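Undergrad: Shown below is the structure under consideration.
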Amino acid sequence: MQQTDILIIGAGPSGAVAAGLLRKQGRQVLILEQQYFPRFSIGESLLPQSMAYLEEAGFLQDVVEAGFQYKNGAAFAKGDARTAFDFREKFSPGWGTTYQVQRADFDKVLADAAAKAGAEIRYGHAVLAVDVSGAKPCVTARDPEGREYQVQANFLLDASGFGRVLPRLLDLETPSDFPVRGALFTHIEDRIAPQEIDRNKILISVHPQQQDVWFWTIPFSNGRCSQGVVATPEYLARYQGTEVERLRAIIGETPSLLQVLRHAQWDTPGRSISGYAANVKSLWGQGFALLGNAGEFLDPVFSSGVTIAVKSASLAAQCLAQAADGQTVDWQKQYAEPLQAGVNTFRSFVQGWYEGGFQDIIFHEQHNPEIRRMIASILAGYAWDANNPYVAEPQRRLRVLQELCAPKPLAALAEAEAV
């Protein structure tokens with residue numbers, strides 16, 4: 001039986017940032033990672049809010065010096081309509097820029113930074129079983145040679161992402177209330193002319209006939225980009241062939257995006273994922289907490305995944321610091337509820353996007369500047385800033401704007417604030 005202070009399952013962004021924060025507290029940290037880095041992952045367009053937590057963990061220099069694509073906003077296209085949000089022109093204080101990253105490289109940068117800070121990372125080690133019934137959680141793992149061993153820890157953090165180790169092993173899974181959707185995606189040599197798009201922004205394109213079908217185009221710093229489409233599984237099943245052939249067929253129905261990608265070289269096999277929305281009965285339990293996607297994942301449309309992941313790492317590290325000082329920690333009130341508050345903000349905007357009302361708001365021609373800054377803050381990841389009315393009351397505020405934008409022309413979105 002091996003012993004450690006904090007055991008983390010997974011070396012992705014939430015696990016690495018949690019490790020960096022805990023090492024700053026002087027804690028002993030062991031990370032068990034089933035895969036070997038670098039390894040492929042999606043979720044490549046970061047939000048500025050995440051930079052605060054990378055900085056807090058001590059990883060900022062590592063990320064800045066890695067040479068990733070600078071990002072300052074998000075651009076949207078639907079038919080002939082175009083609009084863009086500059087994250088530097090937002091309501092909330094804090095970072096207004098970030099990066100678009102190939103996650104294989106980005107995740108390795110963070111994991112290497114965590115190891116440099118003193119965390120032990122064991123790659124190729126799979127978690128087989130977990131026992132949280134005793135005074136301390138105990139994990140059974142298997143090393144790359146097939147040998148099984150056990151580790152007992154003072155506390156356990158699940159940062160396994162879509163692997164969702166603890167939800168599976170501890171029967172914490174519960175159905176998501178989001179409709180099932182799927183994605184087809186790949187990396188390409190994009191050969192996009194400079195005047196075609198702003199490479200400092202992610203491009204979100206909406207299918208001209210299907211408002212719930214949308215595409216991401218995420219430029220990288222090396223002339224390549226991540227290209228994907230999100231739709232219902234039934235819609236994606238209409239198309240035959242490989243993932244790339246199906247993706248290109250759907251893009252062929254969207255003239256604006258087809259024009260942008262007309263010179264692209266489709267040189268990488270495609271991938272697919274379906275039914276990715278997930279939820280759990282609880283984000284914590286006796287001796288453990290769930291970070292990032294291991295707890296809940298909504299949808300990739302506003303690139304919230306990594307931001308939620310590193311936010312959860314920061315909240316968990318604060319709780320563990322308090323416990324180390326001998327203080328009582330209420331994990332529900334100090335971890336789960338604060339984390340869920342921001343997730344619920346994102347949830348309202350994601351639901352509004354697929355219902356079409358938030359798309360009407362985004363593409364509306366007459367934006368009140370202050371409301372625009374508030375929306376830019378949400379798109380930049382500041383979903384926990386309760387000073388923003390669209391965080392404090394996201395559903396009501398969005399409903400008012402949607403009603404005013406969709407049915408009839410609006411002289412100015414400022415009228416919404418008077419309702």
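The values are calculated or read from the model by the stated rules, or taken from the named source; none is laboratory data. What you see is a predicted model; the values in this text were computed from it and never measured. Cβ coordinates were reconstructed from backbone atoms using ideal geometry, including for glycine residues, and neighbour counts include every protein chain displayed. Heavy atoms of the whole protein, side chains included, go into the accessibility calculation; ligands, DNA and RNA do not. Shrake-Rupley method; radii C 1.70, N 1.55, O 1.52, S 1.80 Å.
Undergrad: When R142 is evaluated against the numbered criteria (1) surrounded by 16 or more Cβ atoms within 10 Å (Cβ to Cβ); (2) in contact (Cβ under 8 Å) with a residue 40 or more places away in the chain, which criterion, by number, is the only one it fails?
TA: Evaluating R142 over (1) surrounded by 16 or more Cβ atoms within 10 Å (Cβ to Cβ); (2) in contact (Cβ under 8 Å) with a residue 40 or more places away in the chain leaves (2) as the failure.
Undergrad: Any residue at all in region 53-70 that is in a strand (DSSP E or B) and touching a Phe, Trp or Tyr at 6+ places or on another chain (Cβ under 9 Å)? I'd like the intermediate steps shown before the answer.
TA: First, pick out the residues of region 53-70 that are in a strand (DSSP E or B): 69-70.
Imposing the further condition that a residue be touching a Phe, Trp or Tyr at 6+ places or on another chain (Cβ under 9 Å) reduces the set to 69-70.
Yes.
Undergrad: If a residue counts only when it is among the aromatic types (F, W, Y) and under 25 Å from the mean Cα position of the chain (by Cα), which strands (runs of 3 or more DSSP E) contained entirely in region 199-288 have at least 1 such residues?
TA: Details: elements: 201-206, 214-219, 224-231, 271-274.
Fully inside region 199-288 and qualifying: 214-219.
Undergrad: So, in region 176-195, how many residues would count as being more than 16 Å from W216 (Cβ to Cβ) and surrounded by 15 or more Cβ atoms within 10 Å (Cβ to Cβ)?
TA: The first filter runs over region 176-195 and keeps only residues more than 16 Å from W216 (Cβ to Cβ), leaving 176-180, 189, 191, 193-195.
Subset that is surrounded by 15 or more Cβ atoms within 10 Å (Cβ to Cβ): 176, 178, 189.
So the answer is 3.
Undergrad: Quick one: in region 220-243, of everything that is among the β-branched types (V, I, T) and free of Cβ contacts under 8 Å to residues at least 60 places away in the same chain, which residue is least open to solvent (accessible area, probe 1.4 Å)? Full working, then the answer.
TA: Going through region 220-243, the residues among the β-branched types (V, I, T) turn out to be 229-230, 232, 242.
Cutting the leftovers down to free of Cβ contacts under 8 Å to residues at least 60 places away in the same chain gives us 229, 232, 242.
Numbers: V229: 0, T232: 40, T242: 69 Å².
Among those residues, the one meeting the criterion is V229.
Undergrad: Open to solvent by 10 Å² or more (accessible area, probe 1.4 Å), more than 17 Å from the chain's Cα centre (by Cα) and in contact (Cβ under 8 Å) with a residue 24 or more places away in the chain - does that describe any residue in region 44-55?
TA: Looking only at region 44-55, we keep the residues that are open to solvent by 10 Å² or more (accessible area, probe 1.4 Å), and these are 49, 52-53, 55.
The next check asks that each one be more than 17 Å from the chain's Cα centre (by Cα); those that pass are 55.
Still in the list and also in contact (Cβ under 8 Å) with a residue 24 or more places away in the chain: none.
No: zero hits.
Undergrad: Taking N368, is it more than 18 Å from the chain's Cα centre (by Cα) and modelled with pLDDT under 90?
TA: Details: more than 18 Å from the chain's Cα centre (by Cα): yes; modelled with pLDDT under 90: yes.
Yes; evaluated as a whole, the condition is true for this residue.
Undergrad: What residue, among those in region 324-333 that are of a type outside the set (S, T, N, Q) and assigned to a loop (DSSP other than H, G, I, E, B), is surrounded by the most Cβ atoms within 10 Å (Cβ to Cβ)? Please lay out each step first, then the result.
TA: Step one: list which residues in region 324-333 are of a type outside the set (S, T, N, Q), which gives 324-326, 329-331, 333.
Now restrict to residues that are assigned to a loop (DSSP other than H, G, I, E, B): 325-326, 329-330.
On the way: D325: 9, G326: 6, V329: 17, D330: 11.
Filtering region 324-333 for residues that are of a type outside the set (S, T, N, Q) and assigned to a loop (DSSP other than H, G, I, E, B), the one surrounded by the most Cβ atoms within 10 Å (Cβ to Cβ) comes out as V329.
Undergrad: Say we look at region 85-114 and pick out the residues that are out of contact with any helix residue (DSSP H, G or I) (no Cβ under 7 Å at 6 or more places or on another chain) and of a type in the set (V, I, T); which of these is surrounded by the most Cβ atoms within 10 Å (Cβ to Cβ)?
TA: V101
Undergrad: Still on this structure, please answer the following. Restricting region 1-27 to residues that are open to solvent by less than 30 Å² (accessible area, probe 1.4 Å) and in a strand (DSSP E or B), which is farthest from F288 (Cα to Cα)?
TA: Residues of region 1-27 that are open to solvent by less than 30 Å² (accessible area, probe 1.4 Å), as a first pass: 4-22.
Now drop any that are not in a strand (DSSP E or B), which leaves 4-9.
Details: T4: 14, D5: 12, I6: 10, L7: 9, I8: 10, I9: 11 Å.
Ranking the candidates gives T4 first.
Undergrad: Taking the residues in region 181-195 that are closer than 11 Å to A264 by Cβ and in a loop (DSSP other than H, G, I, E, B) as candidates, determine which candidate is nearest to the chain's Cα centre (by Cα). Steps first, please.
TA: Step one: list which residues in region 181-195 are closer than 11 Å to A264 by Cβ, which gives 186-192.
Filter once more, keeping what is in a loop (DSSP other than H, G, I, E, B): 190-192.
On the way: D190: 23, R191: 27, I192: 26 Å.
This residue is D190.
Undergrad: Can you tell me which residue is modelled with the lowest pLDDT among those in region 142-176 that are within 18 Å of the chain's Cα centre (by Cα) and in a loop (DSSP other than H, G, I, E, B)?
TA: Only one residue tops the list, namely S176.
Undergrad: Follow-up. Just need a number here: residues in region 225-273 that are more than 24 Å from Y70 (Cα to Cα), touching a His at 6+ places or on another chain (Cβ under 6 Å) and not β-branched (V, I, T).
TA: Here the count works out to 0.
Undergrad: Looking at region 115-132, which of its residues are touching a strand residue (DSSP E or B) at 6+ places or on another chain (Cβ under 7 Å) and either within 30 Å of K201 (Cα to Cα) or surrounded by 15 or more Cβ atoms within 10 Å (Cβ to Cβ) (or both)? Talk me through it step by step, then tell me what you get.
TA: Taking region 115-132 and keeping what is touching a strand residue (DSSP E or B) at 6+ places or on another chain (Cβ under 7 Å), we get 115, 119-123, 125-132.
A115, A119, I121, R122, Y123, H125, A126, V127, V130, D131, V132 - these are the residues of region 115-132 that are touching a strand residue (DSSP E or B) at 6+ places or on another chain (Cβ under 7 Å) and either within 30 Å of K201 (Cα to Cα) or surrounded by 15 or more Cβ atoms within 10 Å (Cβ to Cβ) (or both).
Undergrad: From the list Y99, Y123, exactly one residue is under 24 Å from W384 (Cβ atoms) and in contact (Cβ under 8 Å) with a residue 24 or more places away in the chain. Which is it?
TA: Values: Y123 fails: under 24 Å from W384 (Cβ atoms).
It is Y99.
Undergrad: Only residues that are farther than 23 Å from G10 by Cα, open to solvent by 10 Å² or more (accessible area, probe 1.4 Å) and touching a residue at least 24 places away in the same chain (Cβ under 8 Å): list them for region 290-323, please.
TA: Filtering region 290-323 for residues farther than 23 Å from G10 by Cα gives 301-302, 322.
Subset that is open to solvent by 10 Å² or more (accessible area, probe 1.4 Å): 302, 322.
The answer is F302, and nothing else.
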